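Okay, so here's the structure we're looking at.
The values are calculated or read from the model by the stated rules, or taken from the named source; none is laboratory data. It should be emphasised that the depicted structure is a prediction, and the values quoted were computed from it without experimental measurement. Heads up, the Cβs are rebuilt from the backbone with ideal geometry, glycines too, and the neighbour counts pull from every protein chain shown. The accessibility values were calculated without ligands, DNA or RNA, using every heavy atom of the protein model including side chains. Shrake-Rupley method; radii C 1.70, N 1.55, O 1.52, S 1.80 Å.
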Amino acid sequence: MAEALACGCPIVTAAGSPMAELAGADATTVDPSVTASIREGIEQAVAPTPRRVASWSEVARATEAVYRELA
């Protein structure tokens, strides 16, 4: 879920689940016990705006800086 949000991939998840809470309005929620609901959710899912706020190299540099500060 987190990677899908970061990349802006369409998300379909169960209504009322922790994943639905995490994704919020960026996910299409479905009733996981109803096949038609899942099918409709997949058909209606749209790609959200990507949430990525930093590249992996930026995260690595920031993490290294914290370790150096604590050393």
> On average, how much area does the Cα convex hull of the chain cover when viewed from any direction, in nm²?
Replying inline: 5.9
> At a 1.4 Å probe, what is the % contribution of carbon and sulfur to the accessible area of the chain?
Replying inline: 59
> Which is farthest toward the positive dipole end of the chain among THR13, VAL53, ILE42, measuring Cα position about the Cα centre, with Cβ charges +1 (Lys, Arg) and -1 (Asp, Glu)?
Replying inline: VAL53
> Just from its helices, what would the mean residue ellipticity at 222 nm be for the chain, if runs of 4 or more DSSP H residues each count -39500 (n - 2.57) and the sum is divided by every residue, rounded to the nearest 500 deg cm²/dmol?
Replying inline: -15000 deg cm²/dmol
> Which of these, GLU40, GLU21, GLU58, has the largest mean-square fluctuation under a Gaussian network model of the chain (Cα springs below 10 Å)?
Replying inline: GLU58
> Can you give the angle from 0 to 90° between the axis of helix 56-70 and the longest principal axis of the chain, with both taken from C-alpha atoms, to the nearest 10?
Replying inline: 40
> Taking only C-alpha pairs under 8 Å that are 6+ residues apart, what is the relative contact order of the chain in percent?
Replying inline: 33
> Given a 1.4 Å probe, how much area per residue of the chain is accessible, in Å²?
Replying inline: 72
>> Full-extension gain between VAL34 and VAL53, please, as 0.36 nm times their residue separation minus the C-alpha to C-alpha distance.
In response: 3.3 nm
>> Using only the alpha-carbon atoms, how far is helix 35-44 inclined from the longest principal axis of the chain? Give it as 0 to 90 degrees, nearest 10.
In response: 60
> So for LEU22, LEU5, what's the accessible-area order with a 1.4 Å probe, most first?
Replying inline: LEU22, LEU5
